[in-house]
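Quick notes on the structure that follows.
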Amino acid sequence: MAVASSFVTGGSFNCDYLSSTSCSSSSSPSVDHQVRFFGSRRRIKPLVYWTRSHSLSPKCELSSNSVVKNGKKESRTSSLSALELLKTSAADRYTKESSSIMVIGLNIHTAPVEVREKVSIPEAQWPQAIRELCSLNHIEEAAVLSTCNRIEIYVLALAQNRGIKEVTEWMSKFSGVSVTELCQHRFLLYNQDATQHLFEVAAGLDSLVLGEGQILAQVKQVVKNGQGVPGFGRKISELFKRAITTGKRVRTETNISSGSVSVSSAAVELALLKLPEYSSSTARVLIVGAGKMGKLVIRHLVAKGCKKMVVVNRTEDRVAAIREELMDADIVYKPFSELLACAAQSDVIFTCTASKAPLFIKESVQALPSVNSEDGCRRLFIDISVPRNVEPSVAELEGAGVYNVDDLKEVVEANKEDRLRKKMEAETIIAEEVKQFEALKDSLETVPTIKKLRAYAERIRSAEVDKCLSKMGDDIPQNKKKAIYDLSLGIVNKLLHGPMQHLKCDGAENRTLSEILENMHALNRIFGLDTEISVLEEKVRAKIEQNQKHSS
C-alpha cells in the first residue's frame, strides 16, 4: 500500500510519481512505516520508483526503436511494440500480477478547498469521466465519487504504477492543476486498503461529520450514474454495491447516526457560534440554492427556531415544495436576478449551489450596505459549496466574515470521545464486510480459467464431431447430425461439471478460497491453459489496439 508523502512519519521519499522526465530515488529498498491514517493505524509502504534508462509515456504506441550495441546506435529491422519493450525490461511485472483495485483521491483530510474545487467533477460528467479513464492503456474499470469534501477516483488497473501515472495525468489535464500539486495533496490506496476506505466513506467514518447520512446517498449515485456506462465493470460495481450494503449495516447496527450532524446542520451551528448571542434570534437569513444541501440548511434553521428566511433559487418549484413541507415557517422565494438586493437586506447568507463561478465577489459585497447591528457586527457568509460560491477575497473586507466547508471542523470537534466510541463499533462491521468482499473479488480470479477450460473443451468437441461427420459421408439425416452434436455436448458438459464446481466460490461446498485457487492452478497445469501471453497482457494488448483504431 502507498499513500501521499504527507502521511509518512519517521521517514521520507523523494517522489511518489513516475514521469517521463524521471524522479530520482535511491536504490535502497522501501521501508514500512506505521502511521495513523484517518484515525486508524495502517501499515504503509512509501512509493519508491527506481530510475530507468527509458521513459514511460501514459500511452503505449507502436513505433520503430533503436538499440545501443557496443556503444553504437542500431535500428531494429522489425518494429517492437511498446508492450514488447516493457516485457523485455526490468520494469515489467504486470504480466504476472492480477489487476489491482486502487483509489487516487483528494479529500478534506489531504487537500484544502481551493485545490478540491478545481479537481471536482460535476455529477453529470461522471459517465464521461469513466469512459475517458477506461480509454487509458492500463485502466480496465473506473468510478468517480466527487462531493464537497472529496474527489476520489476508483479504478481497476492492469498495472499499479502505470495506472497511477495515467490517472494522475488525466486528473491534471481535466482540472488544470499541475501533476506536482496533485501529488502533494493526493492519497493512494490499493486493494484491501482501497476497499476498507470506501466502506468507511459509505459508513460516514471518513466524513468531517461522523456518521452523516448524505455521503451514503452520494455513493448510491455513483452506482446509479454508472449503470450502462462502459468501464463501470463487474469488480468496481460490486465494490460500490457492497459499500452501500456496509453503510446501511453500520447505521442499522450501531447508533453512529444518532445525534450526528450533517454538513448542512454544522453550517447552521457555525453561524450560531459566530453571531452575537443577542442577535441570533433576530438575524435576517438568506439561503442561496434550494437543492439537497439548501433544503437541509432550511430544515435545520427552522429546527433552531428561525421561522423567517429568504431563499434565492433559479426556479420557484423547489422552494414551494419546501414551504409546503415546513408550513410553520415564513419562507420567501426570490429569483437569482434579485440576489444582491436580497443580500443587502441579510445578516447571514448560506450559499449551497453548483455554480462553477463565484456568486459573490469582493466588489459586489463591498458595495452592499453595512448590516444593521451594533458593535460592528459583520455580515456572515457560510459557503458550503464546492466549487465555492463566495470569492475568497471577500474575507478581506472589514464588514464580512467568510466561512467554507473546511471551517466546520470547529463545530464537529464537540463530543469527540462519543464519536470515537461509535467509530470503533462501526469498524468491526467494516472489517467483516471487507473480508467478505475480498473473498468475492479473489474468487473472480478463477473466471478466466473457467472460460479457457470451456473453450479448450469446445475446440476438441467441435473438431472431433467434424471429423466424425466427415467419415460418415454427406447423406447423414439432419436428426442424426443433431443427435451426434447433442451427444458430444452432453459428454463435455458432464466431464466439465466436476472441475467447474471446484472453481466456484458460491459457499455451497464450504471450500476455502485457497483450495479454489489451488484447483485453478492445477487445472491450468493439467490442461496447459497457461499460455505465453497472460490474461492481463492480453487485456493491455487489446486496449493498445483499440486506442490505435480510435487515433487512426
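If you take every residue apart from Arg459 with its C-beta less than 14 Å away from the C-beta of Arg459, what net charge results, scoring Lys and Arg +1 and Asp and Glu -1?
It works out to a net charge of +2.
Hey, can you grab everything whose amide H is under 5 Å from the amide H of Leu205? Only 5+ residues off in sequence or another chain; H modelled, so Pro and N-termini drop out.
Under 5 Å from the amide H of Leu205: Gly211.
Short version: ³J(HN,Hα) in whole Hz for each residue of segment 473-488, in order, from phi by Karplus 6.51 cos²θ - 1.76 cosθ + 1.60 (θ = phi - 60°), x for Gly and Pro, what are they?
Per-residue couplings from phi come out as x, 8, 9, 7, x, 4, 5, 6, 4, 5, 5, 5, 4, 5, 4, 5 Hz.
Quick one: Cα centre-to-centre distance for segment 112-182 and segment 311-356, in angstrom?
If you average the Cα positions of each part, the centres end up 34 Å apart.
If packing is taken as the average number of other Cβ atoms within 10 Å across a peptide's residues, how do 426-438, 339-351 rank, most packed first?
Answer by packing, highest mean first, reads 339-351, 426-438.
Would you check the accessible area of Asp406, probe 1.4 Å, heavy atoms only, in square angstrom rounded to 10?
Using a 1.4 Å probe on the heavy atoms, I get roughly 40 Å².
Convert each backbone phi in segment 172-188 into a coupling constant with the Karplus relation 6.51 cos²θ - 1.76 cosθ + 1.60 (shift: θ = phi - 60°), then list the ³J(HN,Hα) values in order as whole Hz, x for Gly and Pro.
5, 5, 5, 9, x, 7, 5, 4, 4, 5, 4, 5, 5, 10, 6, 10, 10
Provide the packing ranking of 124-131, 476-483, i.e. peptides ordered by the mean count of other C-beta atoms within 10 Å per residue, highest first.
The densest-packed peptide leads the list: 124-131, 476-483.
In terms of modelled amide H atoms, which long-range or inter-chain residues lie less than 5 Å from the amide H of Val402?
Correct list: Phe381.
Of Lys118/Lys165; Lys304/Lys422; Lys220/Lys295; Lys173/Lys409; Lys241/Lys292, which ones are farther than 27 Å apart at the Cα?
Lys173/Lys409
About the Cα centre of segment 180-269, how large is the charge dipole given +1 on each Lys and Arg Cβ and -1 on each Asp and Glu Cβ? Please answer in debye to the nearest 20.
Charge dipole of segment 180-269: 520 debye, to the nearest 20.
The values are calculated or read from the model by the stated rules, or taken from the named source; none is laboratory data. Model, not experiment: these values are computed from the prediction. Neighbour counts run over all protein chains shown; Cβ positions are idealised from the backbone, glycine included. All accessible areas refer to the heavy atoms of the entire protein, side chains included, with ligands and DNA or RNA removed. Shrake-Rupley method; radii C 1.70, N 1.55, O 1.52, S 1.80 Å.
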